[in-house]
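Computed from the coordinates by the stated procedures, all read-outs in this text should not be read as laboratory data. Keep in mind that this is a model prediction, so the values were computed, not measured. Cβ atoms come from the backbone with ideal geometry, glycine included; neighbour counts cover every protein chain shown.
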Amino acid sequence: MTVTVTWDEASARRLERQFLDRPAGVGTPVADVVGAMLGAHAQVLSAAEVSVGVRASGVTRADVRTALWDERSLVKTFGPRGTVHLLPAAELPLWCGALSAIPTGPSPFPPDVRVTEEQAERIVAAIGDALDGVCLTVEELGEEVVAGTGPWAGDLVMPAFQDLWPRWRQVMHRAGQSGALCFGPNRGRKVTYTRPRGVDPVPGAGSGQAGQGALRELVRRYLRAYGPATPQYFAKWLAAPVGWAVALFGELARAGEVEEVSFEGAAAWVAAGDTGFPGGRVRGVRLLPYFDAYAIAAQPRESLFPGKAYRRALAGGQAGNYPVLLVEGVVAGVWHQRRRGRRATVTVETVGRRLTARQERELGEQVERVGEVLEATAELVVGEVTVGPHA
């Protein structure tokens, strides 16, 4: 008999497994929290710090930075969707194996700009050799890549931010996903890169047995964190081809590694045997920053962003562009914080509902917690958020 799952049940389990129902206890390793999220988006490091901090009691941005730069239990690199993430260092071989097994789509660049597959693999190998045991700025790394491949890699042909970047930079994300590159500590205001410890770079996106095994494990972890889900949701989360994801889920179903359930009247999948769900919805208020893992991965979007929230808190249907207010597991507003020295003003705009007195108290507590994470004193202002996405 097919298990039936409601949105409230799925939402409650996801929030529980994300430490958004109840924060992880004091002393829980930061890397364990990031692992449960399947990575913290870190294009803006302060957003990643808030993502982790609201999920772990007592954790501040200093604790996240200590885990990243001192303890090295976290690594900052290119993760899902080719975007910058914090990932647990101990899980990096799994991530590199899985991400390198995902087929690459067509290049977005014109023929005279793009690199061939053979050139891409040469660039990745040159990056890994150049960064072994050192930290280099992008300019220094570029010199090493050109020396290790040829002048063609340094041709200024790649449009970027009203400038032209050298050809080799279009595969930097592949170098990160293959284990040849990660971020190092800043040198002054300059970003540096290094080669992560304990990972042998995967030369290219392949179909080797190790890579396929890592990919299957990543699917299982994704379903445990964000299931029930469909192949289409999984493909969107990874920015991978939908047809490939459908075929992959079919293989896993035939192998008995995933199990079909009825989710809000439609077929979806969970990891095999993982069919237990809590009853009822999660109560409470939460503040999630830009590109929080939960807001991006939890599907369907129409249920997570109901009614007016879909128009207000998404940008063209894409999640993550605005920090969001969660009320009882669904998006009910957006927010923005402005830092001035040791003080932060957090403006919260509700959408489509009025908060109860209890929820207003909880919102105040959440604002206070965001301030603690950022090591600032936070003040709540309820009103319109006038800044646009990515502000």
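Are there chymotrypsin sites (Phe, Trp or Tyr not before Pro) in the range 114-175 that DSSP marks as loop and that have at most 14 other Cβ atoms within 10 Å, and which are they?
Here the sparse-neighbourhood loop sites are Phe161.
Calculate for the chain the 222 nm mean residue ellipticity that helices alone would give, adding -39,500 (n - 2.57) per DSSP H run of length 4 or more and normalising by residue count, nearest 500 deg cm²/dmol.
-11000 deg cm²/dmol
Computed on alpha carbon atoms, what radius of gyration and Dmax characterise the range 210-271, expressed in Å?
Every Cα atom of the range 210-271 included, Rg and Dmax give 10.7, 36 Å.
What is the projected area of the convex hull of the Cα atoms of the chain, averaged over all directions, in nm²?
In nm², the orientation-averaged hull projection of the chain is 19.7.
Note down the net charge around Glu328, summing +1 for each Lys or Arg and -1 for each Asp or Glu among other residues with Cβ under 12 Å from its Cβ.
Around Glu328, the surrounding residues sum to +2.
Run the reach check for Lys190 against lysines, Cα to Cα strictly under 25 Å, same-chain hits fewer than 8 apart removed. What comes back?
Hits, sequence-local ones excluded: Lys76.
Taking the Cβ-Cβ separation of Thr377 and Asp132 as r and a Förster radius of 45 Å, what is the calculated FRET efficiency to the nearest 0.05?
0.55
Which of the lysines could a cross-linker bridge to Lys308, judged by Cα under 26 Å and excluding same-chain residues fewer than eight apart?
Cross-link targets: Lys236.
Given a cut-off of under 8 Å on Cα pairs at least six residues apart, what relative contact order in percent is computed for the chain?
19
So what's the Cα pair-distance distribution over the range 285-382, bin width 5 Å, in %?
Computed distribution, short to long bins: 3, 14, 26, 24, 18, 11, 4, 0.
How far is the Cα center of the range 320-391 from the Cα center of the range 101-151, in Å?
41
With loop defined by DSSP as not H, G, I, E or B, and exposure as at most 14 other Cβ atoms within 10 Å, which is the longest segment of the chain clear of exposed trypsin sites (Lys or Arg not before Pro)?
For trypsin sites (Lys or Arg not before Pro) (loop position, at most 14 other Cβ atoms within 10 Å), the longest site-free span of the chain is 73-188.
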